[in-house]
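Here the structure is laid out as structure tokens; the discussion comes afterwards.
The values are calculated or read from the model by the stated rules, or taken from the named source; none is laboratory data. Keep in mind it's a predicted model, so treat the numbers as computed, not measured. No Cβ is skipped: glycine too gets one built from the backbone with ideal geometry, and neighbour counts run over all protein chains shown.
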Ligand SMILES: [Zn+2]
């Protein structure tokens with residue numbers, strides 16, 4: 001697969017073979033700029049920078065990466081599973097359940113909110129052990145992840161990714177809106193890699209970008225997501241409002257973690273002068289390409305995994321009176337390399 005096909009496959013665009021070549025050229029530059037989606041919380045309207053989404057109304061699916069830590073934090077705080085003062089020492093890496101979880105650097109002693117702002121994997125790998133998979137999926141459901149949104153139907157899945165939606169029985173859900181019914185057989189699958197799942201690293205922890213917009217809207221407005229809608233061609237998608245009751249301290253904790261990310265943490269280069277008063281959360285998703293044999297090695301059994309990244313950032317602003325929520329999906333690079341700078345460019349070039 002060449003680079004162009006690879007980039008297209010990330011967004012399930014490979015099946016759109018009837019796109020005229022001029023539009024396809026635009027698609028290419030659009031993909032390299034990332035896909036930026038934002039919503040005006042006052043009017044409820046969702047906008048997209050992607051001509052494809054604006055014409056067909058199909059939103060891309062991505063693994064959620066560390067944005068999942070927002071749900072993990074909500075669960076830990078709301079269920080009193082951890083004291084907000086409790087700290088773990090992060091030395092940059094931890095071996096846990098036979099796997100290594102790494103951070104971008106050693107974060108030292110961190111509390112839950114600091115761990116959220118710095119996206120500390122070492123902290124969350126340990127803290128998440130007090131959460132049961134059923135409880136965690138319940139929180140995913142409460143934040144709207146069980147909703148069937150506007151993804152491409154039966155998308156080709158070139159990278160073998162699944163979807164978080166698979167964990168919920170959607171047939172039953174159609175009769176019981178907004179109530180998550182967890183498919184027990186799928187739960188077993190998640191249970192075996194629960195730490196990966198809570199960190200958003202599991203291959204099945206994929207969601208539609210609209211799920212992320214819902215999640216961030218709920219945090220921005222402390223559980224009162226208004227009706228959101230997206231206009232495309234001559235149609236309109238509608239996202240029903242969500243009301244989520246969590247304690248005030250849980251909402252404040254989530255908001256403080258996202259503010260910290262912008263002030264000192266993973267999103268500190270998004271708005272260094274704090275002009276827009278943004279609260280945000282980043283996510284980097286490692287994508288391991290198919291294994292191939294090392295040509296330099298005499299031993300052909302020496303397989304090498306080539307690692308790619310794609311990344312996400314979501315946030316809202318201004319944090320003292322939230323009016324906008326946004327999400328950017330960058331097709332390549334870590335959040336520091338691409339998602340944060342691309343979101344910076346989008347936010348600073350837009351007339352809000
Ligand atoms: Zn750490």
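Residues in region 194-237 that are under 23 Å from residue 135 (Cα atoms) and part of a strand (DSSP E or B): 206, 207, 208, 224, 225.
If you take the residues in region 74-114 that are in a loop (DSSP other than H, G, I, E, B) and within 9 Å of the ligand (Cβ to nearest atom), which one is nearest to residue 141 (Cα to Cα)? Steps first, please.
Residues of region 74-114 in a loop (DSSP other than H, G, I, E, B): 79-87, 91-92, 97-98, 103-107, 111.
Filter once more, keeping what is within 9 Å of the ligand (Cβ to nearest atom): 91-92, 103-107.
Working: 91: 33, 92: 31, 103: 28, 104: 30, 105: 32, 106: 33, 107: 31 Å.
Here the residue is 103.
Residue check: is residue 155 farther than 25 Å from residue 326 by Cβ and either at pLDDT below 95 or more than 16 Å from the ligand (Cβ to nearest atom) (or both)? Against the criterion (farther than 25 Å from residue 326 by Cβ and either at pLDDT below 95 or more than 16 Å from the ligand (Cβ to nearest atom) (or both)), residue 155 does not qualify. Among the residues of region 115-130, which ones are closer than 22 Å to residue 282 by Cα and more than 12 Å from the ligand (Cβ to nearest atom)? Residue satisfying the conditions is 128 alone. Each residue in region 38-73 was checked for being part of a helix (DSSP H, G or I) and surrounded by fewer than 15 Cβ atoms within 10 Å (Cβ to Cβ), and 3 pass. Residues in region 203-229 that are surrounded by fewer than 24 Cβ atoms within 10 Å (Cβ to Cβ) and farther than 22 Å from residue 137 by Cβ: 221, 222, 224, 226, 227, 228, 229. If you go through region 107-129 and keep only what is surrounded by fewer than 24 Cβ atoms within 10 Å (Cβ to Cβ), under 22 Å from residue 270 (Cα atoms) and without any contact (Cβ under 8 Å) to a residue 40 or more places away in the chain, you end up with just 107.
When restricted to residues that are at positive phi and under 18 Å from the mean Cα position of the chain (by Cα), region 99-144 contains 2.
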